[in-house]
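First up is the structure itself, then whatever we jot down about it.
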Amino acid sequence: MSMKLEDFYFYSLLSDDAQVLLKESIKPISMHEKSILYYTGDVCTDVLIIEAGTVRVFLQGENGEIFTLYTLGSDEMCIINTFSTIFASDALANAEVLSDLQGWLISKEVLMKLLQSEMYYSNYVFSLISENLSSLINKIETIKFASVKERLEDWVFSQPSTKIKTTHEEIAKQLGTNRPFVSKLLKDMEKEDKVKLHRGTIEIL
């Protein structure tokens, strides 16, 4: 089910005047699956609010490998998009639409007005950035320098459930490697009594 603008948490933090400003200036956006929102090095000029659909934020290696940083759904803020828009800085990664997207764009001009005049909204945005940016940069450095085994174990043990429903092919895409290598590493982890492999599921021991 798609969300109304009033359903987003940040909207409740705005004053009546700010809510009017936002409604008058916000622009609707629709994008199809596999569309690119921004590339590494782009400077974003609008902040995306997702009403429906999903977005993947990723790095791409020299050989075309894809390293997923995070995925976004309804009522989630893209830290890279927001940081780039506020500070006119280069985007640190790429963003691709995974499933058909509907949402809104807040222009930089309006965003800056809200940040300057709306204390609660400003605190909310900058707390999200401060809480997530350092861990995001650490993740980027890990992707660049850590071995595939280290990244695989980090991915497995960071999942919210001890029973992970996924495929070796999907993990390979997340880590930017190939399926046979992921299967071999998972078998090694199983021999080390770290996981138990089932069809379509990895169980953390």
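A short reminder: the numbers here are calculations on the coordinates, not readings from a lab. On a predicted model such as this, the values are computed, not experimentally measured, just so you know. Here the Cβ positions follow ideal geometry from the backbone for every residue, glycine too, while neighbour counts run over all protein chains shown.
A few points about this structure:
- Extension gain, Asn132 to Glu170, is 11.2 nm, computed as 0.36 nm per intervening residue step minus the present C-alpha separation.
- Take the Cα of Lys113, go 7 Å toward its beta carbon, and the backbone nitrogen atoms of the stretch 40-56 under 19 Å from that spot belong to 45-49.
- Gyration tensor (alpha-carbon) shape descriptor, the stretch 146-204, a/c threshold 1.5: rounded
- Hz values of 3J(HN,Hα) by residue in the stretch 89-106 - Karplus curve (6.51, -1.76, 1.60), Gly and Pro given as x: 10, 5, 5, 7, 7, 10, 9, 10, 6, 8, 9, 2, 10, 10, x, 9, 10, 9
- Options Leu48, Met31, Leu59, ranked by Cα towards positive dipole end of the chain, top entry (Cβ charges): Leu59
- Spatially proximal lysines relative to Lys165 (Cα-Cα < 21 Å; intrachain offsets below 8 disregarded): Lys149, Lys173, Lys184, Lys187, Lys191, Lys194, Lys196
- With contacts taken as Cα pairs under 8 Å and at least 6 residues apart, the chain reaches a relative contact order of 22 percent.
- Relative contact order of the stretch 146-204, defined on C-alpha pairs under 8 angstrom at six or more residues apart (%): 39 percent
- Once the chain from Lys191 to Thr45 is taken as fully extended at 0.36 nm per residue, the excess over their C-alpha distance is 47.6 nm.
- Crossing angle, helix 148-157 versus the chain [Cα axis fit, 0-90 degrees, rounded to tens]: 70 degrees
- For Cα extents along the principal axes in Å, the value calculated from this model appears in [x] 72, 40, 28; [y] 61, 34, 31; [z] 47, 36, 27 under label [y].
- The charge dipole of the stretch 146-204, taken about the Cα centre with unit charges on the Cβ atoms of Lys, Arg (+1) and Asp, Glu (-1), comes to about 200 debye, rounded to the nearest 20.
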